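Comments concern the structure below.
Just so it is clear, none of the values below were taken in a lab; they were calculated from the coordinates. All of these numbers come straight from a predicted model, not from anything done at the bench. Note: ideal-geometry Cβ built from the backbone for every residue, glycine included; neighbour counts use all protein chains shown.
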Amino acid sequence: MTSTALAVALSAGGLPAHAQQAQNTQAQAGEKQDRVQPTGNRQATTLLDLITISATMGLQAVIDALSGTSVADTVEIERLQPVTAADLFRNIPGVSASLNGDDPATAINIRGLQQYGRVAVTLDGARQDYWRVGHGSGSFYIEPELLKQVTVIRGPVSNAYGTGAIGGVVAFETKGASDFLRDGETWALSEKGRYESNGSGYLSSTTGAYRFNENVDIIGNIVWRDSSEYKDGNGTPVRFTGEEAVSGYSKMTFRPTEGHEVKLSAVAQNYDDIVSAASGSNNINVTRYNADTNVRNYTANYTYRPDDNDLWDFSATAYHAATRAEQRQIVGSAVGSMRYYDVTTSGMNVRNASRFEGWGMSHTLTYGGDYSLLNGDSVDANFGKGDQRAYGAFMQWEGKYGAWLDLIGALRYDGYQLDGMSKPAPGNPSHPVSLEGERWSPRFTVGVTPLEGIQLYGTYAEGYRTPHMQDVFRQNGAHGAGYEPNLTLKPEVAKTWEASVNLKYDSVFTGDDIIRAKVNVFHTKVDDYIDTVAAGGVTTSQNVGTAQLKGIELEGVYDYGVGFVNLAASFTDAKMHDGPTAGATLSNTPLDNVSLTLGFRALEDRLVYGVQYQSLGEVTRVLSTGPKFYPRTDLVNVFANWDVNDNLKLDFGIDNIFDKAYTDPQTGWGTNPLSEQGKGRTFKIALTGRIGG
């Protein structure tokens, strides 16, 4: 069965977003719309058919994107019932998202690249640049309950989204009123309550929306969660893992005249928890802090998309993101002392797409620019105190010849300026320091569709990553004066080759089944790779040589109506190609990962249930205490989502059903913990009620 897709995913950060525009864009490009008509929850199994943002900054079905693009939509998020942002990436290949010790923040790794802007993380278009150096530190905070969807674009093909994203982009997006209100509704209100057995976790999520008229609407949400320490698979409590969090957001949309739209949004998050100097340590005297973290995110987006003028598809976004973490010592040698990390990013971006026909081809010319100002401050400059300015501009051409040839050519300019202070030394007091640089980065893609249902493409892309403020200006730290700034760091340059195939078939074995699959093979070299080096009692960031990352990613779905099979797998090898540590595995290399979901539908598709298998490959990490081997971990989860009626929904799940004891090797947990880090068997149940009119 084929039809126009019902599922149209909104874009992040004010990119082209609404369904009508998506249909117009595809029609102009001559693309065939052959989507499965989902019913009930069936939409969740055809994520590769969802229309979302792409590496070219336009709207495109995931299966048609000439890049490593993946998406998790609202239905997928509700199925997973995520407790943390890391849970959202279980079924996305090439991505490793880990909780870091007892810190509720999350770190994201794409294809082996992580930290300090190598992966651009955005929330409603605002960059999330916070990163706390330390044991078990994470990079950003996000409450999953606030989200509509998350889109991942892997590799430097995404560098049009801003400077530094040599690993890729992760774009989180909150819901708008139009996503929550049903046809004919003026208002609606929902309440969700959830309980999880391991750690006695409680959650309350309240959402309300109101449509004043067809041109003005508003939505708001508030989430409260509270949990105690959870237990690992051996039944041992994992110390300091309890937390309390309150989060919420509001988004208002105006459509003053036809073709014009303005969105204003605000997100607030507060986390209250305990962090320690050696997460999971069995030492009762280990230094601990009472942490209070506040996150604020404000965005304003304007779009202009007239239906009668293909030369305008304009978007402008301004944002301000701020994270302040205050930590007061409650156990240790300086009880009562306070340290803080205060990081803000303010920025804007503008872009426009012009479409026209000529020379027997369909053309799309996209062009724009962006600017961001990152300011960091912390006790003793642990974060790196100063300003980091990044700016850029790009131009991109897309051409389509008939139904068989797709061409993309793009060029991006990046520039940066870092302003900070040198570290004082005897006879050499601290003084202002400024670094700057610039570069042009190209991208070329050729896509060919030799037969209906098979699309082959190859890409060469380069990306440019500015040295992060912490790389350059970090001083001092928890262990005294061991950290030294490096005022001579050079930027990293990533060069990637990628070859891929997209498969799209309908009515393969039965009248209404489908097969969708994306397979990507990539090879990346990162020149002047930056890593921390410790020698002679001094730790500093240095350009240590060329890093080489290569691997294969697979994402696919077979849907046969009453059931479905989803498969995601990635195998990555990330090593130093040259330099003093040539041949050494990068410390943040993702584990080989295989995820398989078997799902079934019943009760006219109102009930979706199934089982999920996840395998995390074995790895040996070289730690400061020596090499440590982490065995392969096999996890099994079950889920059930039942729309009891139009206003009542029941979600149930069991994570780690066989109660496996394991530790994610990419976390910052201590090397001699009392317990394993992974959460043991966990029962989750949620009930959502809704009214509207």
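Applying a threshold of 21 Å to the alpha-carbon distances of 385/490; 148/251; 175/263; 385/525 flags 385/525 as lying beyond it. In the set (1) 24; (2) 53; (3) 49, which value of percent of Cα pairs over 41 Å apart was calculated from the structure you see? Of the listed options (1) 24; (2) 53; (3) 49, (1) comes from this structure.
For the stretch 422-508, the Cβ-based charge dipole about the Cα centre amounts to some 240 debye (Lys, Arg positive; Asp, Glu negative; other atoms uncharged). Within the stretch 410-473, the ratio Rg/Rh, alpha carbon atoms throughout and Rh by Kirkwood, equals 1.36. Projecting the Cα atoms of 496, 514, 564 onto the charge dipole of the stretch 466-600, computed from C-beta unit charges around the Cα centre, puts 496 farthest toward the positive end. If the segment from residue 497 to residue 438 were pulled out straight at 0.36 nm per residue, it would be longer than the present Cα-Cα gap by 19.0 nm.
The label-point distance for residue 488 and residue 512, in a model that sets each label 7 Å from Cα toward Cβ, rounds to 6.9 nm.
Divide the volume of the convex hull around the Cα atoms of the stretch 58-125 by the residue count and you get 126 Å³ per residue. You can think of it this way: the chain between residue 605 and residue 213 has 137.8 nm of extra reach, that is 0.36 nm per residue less the Cα-Cα gap.
Spherically averaged projected area of the convex hull of Cα atoms, the stretch 144-222: 8.1 nm².
Of all aspartates and glutamates in the structure, those lying under 14 Å Cα to Cα from residue 400, and not within fewer than 8 positions of it along the same chain, are 31, 64, 357. Annotation for residue 246 and residue 652: the two label points, set 7 Å from Cα along the Cα-Cβ direction, are 3.4 nm apart. In terms of other Cβ atoms within 10 Å, 516, 681 run from fewest to most in the order 681, 516. Each pair of Cα atoms in the stretch 253-304 enters the Kirkwood radius, and Stokes-Einstein at 37 °C and 0.692 mPa s then converts it into a translational diffusion coefficient of 222 µm²/s. Where in the stretch 359-380 is the amide nitrogen less than 13 Å from a point lying 7 Å along the Cα-to-Cβ axis of residue 387? Output list for this probe position: 372-376. Relative contact order of the stretch 350-420, taken over Cα pairs closer than 8 Å and 6 or more residues apart, is 28 percent. Straight-line cross-link reach from residue 628 at under 24 Å between alpha-carbon atoms covers these lysines, not counting any fewer than eight positions away in the same chain: 231, 550, 575, 660, 679. In this structure, residue 200 and residue 236 have a Cβ-Cβ separation that, at R0 = 22 Å, corresponds to a calculated FRET efficiency of about 0.85. Using C-alpha pairs below 8 Å separated by at least 6 residues, the relative contact order for the stretch 501-624 is 18 percent. Taking the Cα centre of the chain as origin and assigning +1 to Lys and Arg Cβ atoms and -1 to Asp and Glu Cβ atoms, the resulting dipole is close to 1000 debye. For the stretch 19-692, calculate the relative contact order in percent as a whole number, restricting contacts to Cα pairs under 8 Å that are 6 or more residues apart. 13 percent.
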